[in-house]
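Asks: Please see the structure below; I have some questions.
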Amino acid sequence: MWDSINKILANIDDFVWGVPLMAIIITGGILLTFRLGFLQIRRLGLALKWMVKNEEGGKGEISSFAALCTALSATIGTGNIVGVATAVGAGGPGALFWMVVTALFGMATKYAEGLLAVKYRVVDKDNHSLGGPFYYIELGMGKKFKWLAKIFAFFGVCVGLFGIGTFSQVNGISSAVQNFFDPNKAHTVSIPGIGTYSWTVVIASLILAFCVGAVLIGGIKRIASVSQIIVPFMAIIYFIFAVMLVICNITKIPDAIVIIVKAAFNPQAVAGGVTGSMLVAMQKGVARGIFSNEAGLGSAPIAAAAAQTHEPVRQGLVSMTGTFIDTIIICTMTGLSIVLTGAWKVKGLEGVQVTTYAFKQGLPFPAGVSAFVLMLCLVFFAFTTILGWDYYSERCLEYLTNGNMKKVKVFRWVYILAVFIGPYMTVSAVWVIADIFNGLMALPNMIAIFALSGVVVKETRDFFKAKKHLK
């Protein structure tokens, strides 16, 4: 039965993530890049400075840094560790090249999303700052496009509940925990109608569901406070270990870069490479890149709207650093690790096993230590992603139901249930489902980005014209 379901899902995925959608997302980023004068490169230093420096007197619920950490909590997750591995496994090393290219142009898209989120945000009766694509579609494009905003909100709920937010993250956590504590499935339990699983998977799903529930009850402020602590700490640890791996294999870097670039345009030219085409490498790289950094997806603006700022441009710059950190730094380090150690060519490895193999082979530590560090990073990255996407999904549902908080509270418990059952989904099915909903969510958001690109350009020019000292 699962084979039939996987085939159906694969066909849907190929249709959703066909050339048209990839072209729309990349074209949007390229268009904004040129219209903004390569702002993501020229203003990166300023953006990184503002990332950690809160704006005085800004209106909102949480600081800009907390909003960024909340957004990063939803983006830095299994996509950085498992997603890169699956992209390279399915599309070859060339997929990494297309991930980075997508991210570079995606920074301009993420900038536009953050800017529009603050410009068109609203304050509800409880004094909560609300914003995101559904608001900048309705208020920016006009009331007649509210149906498009509703479509985005619907797919936003689906992405959180069935895609990035739950199944893929929990599946990544359970796989990592099992690979470390019970790789040979020596301690298993048979679950009627589902299958046989390691006790580590069952215990991990219970603990995770409890921890997620404990945090979600506190809302955006508790999610932000947890994310502010976990995200920077774990990102730095993972980055340090990945850099160590690259340094330990520094003589192999030139060959690895050649392999990545060659495989991006002609996978068959790479010795031992995958059988595929440039289109496959591009498709997997773009899809996984967007899965990881969410540029063009429209999720990060929901968190950006809660930032304590009155300058849309400022928050746009802070927002775009998320894509830089997530993909251009962290995903690149993961991909390099996999290519440098040849982990992508080892048959029989899937998902997190690929990255685990790379860390075991590439780091100068006992295999157990490397595997434990990777497992720890993955668990915490995925945990914060689960939290961030619950917030996104709840805001989408709140918009969809015209502020019916009873339905939002019911959804919260359904979300926790999805976290609990996530480990029992197959790896391939989980990632394909996530890809499908990502694509469906991106489409209405990208329509809005194109429609409102003129607003983004005008706001940017007016801001820097008034603040010439920032040049």
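The values are calculated or read from the model by the stated rules, or taken from the named source; none is laboratory data. Here the structure is a predicted model, which means the values were calculated and not measured. Heads up, the Cβs are rebuilt from the backbone with ideal geometry, glycines too, and the neighbour counts pull from every protein chain shown. Side chains are part of the model used for accessible areas, which takes the heavy atoms of the whole protein and leaves out ligands, DNA and RNA. Shrake-Rupley method; radii C 1.70, N 1.55, O 1.52, S 1.80 Å.
Asks: Which of the peptides 404-410, 298-304, 459-465 is most tightly packed, and how do the rest follow, going by the mean number of other Cβ atoms within 10 Å of each residue?
Replies: Highest to lowest by the protection proxy: 298-304, 459-465, 404-410.
Asks: Dipole size in debye (nearest 20) for region 115-190 around its Cα centre, Lys and Arg Cβ +1, Asp and Glu Cβ -1?
Replies: 420
Asks: With axes computed from alpha carbons, what is the tilt in degrees of helix 94-119 against the longest principal axis of the chain, rounded to the nearest 10 within 0 to 90?
Replies: Taking the Cα atoms of the chain, the angle to 94-119 is about 30 degrees.
Asks: What lysines could a cross-link reach from residue 143, if we take a straight Cα to Cα line under 20 Å and drop same-chain neighbours fewer than 8 places away?
Replies: The reachable lysines, counting only those whose Cα sits under 20 Å from residue 143, are 119.
Asks: Sticking to Cα atoms, compute the Rg of region 123-242 to one decimal and its Dmax as the biggest Cα-Cα distance, whole number, in Å.
Replies: 19.7, 59
Asks: Would you please state the base-10 log of I(q)/I(0) at q = 0.10, 0.14 1/Å for region 250-385, with intensities from the Debye formula using one equal scatterer on every alpha carbon?
Replies: Those come out to -0.44, -0.80, one per q.
Asks: Right, something else. Give the span of the chain's Cα atoms along each principal axis, as three whole-Å numbers ordered largest to smallest.
Replies: Principal axes ranked by extent give 59, 50, 39 Å for the Cα atoms.
Asks: Still on this structure, please answer the following. What pairs in 125/467; 262/360; 7/360 have C-alpha atoms more than 31 Å from each other?
Replies: Listed pairs above 31 Å: 125/467; 7/360.
Asks: Rounded to the nearest percent, how much of the accessible area of region 99-217 (1.4 Å probe, protein heavy atoms only) is carbon and sulfur?
Replies: About 67 percent, which is the carbon plus sulfur part of the accessible surface.
Asks: Got a number for carbon plus sulfur as a percent of region 346-423's accessible area, 1.4 Å probe?
Replies: Ligands and nucleic acids excluded, carbon and sulfur reach 66 percent.
Asks: For region 219-261, with all protein chains present and a 1.4 Å probe, just round the carbon and sulfur fraction of the accessible area to a whole percent.
Replies: 79
Asks: Taking the Cα centre as origin and putting +1 on Lys and Arg beta-carbons and -1 on Asp and Glu beta-carbons, what dipole magnitude results for the chain, to the nearest 20 debye?
Replies: Its charge dipole is roughly 1100 debye.
Asks: Further question on the same structure: Where nothing but the Cβ of Lys and Arg (+1) and of Asp and Glu (-1) is charged, how large is the charge dipole of region 319-471 around its Cα centre, in debye to the nearest 20?
Replies: The dipole of region 319-471 has a size of about 460 debye.
Asks: Oh, and also: Can you classify region 361-471 as rounded, prolate or oblate using the Cα gyration tensor, where a ≥ b ≥ c are the square roots of its eigenvalues, rounded means a/c under 1.5, and otherwise it's prolate if a/b beats b/c and oblate if not?
Replies: oblate
Asks: A further question follows. How much accessible area per residue does the chain have, counting only protein heavy atoms and a probe of 1.4 Å, in square angstrom?
Replies: Value for the chain: 39 Å² per residue.
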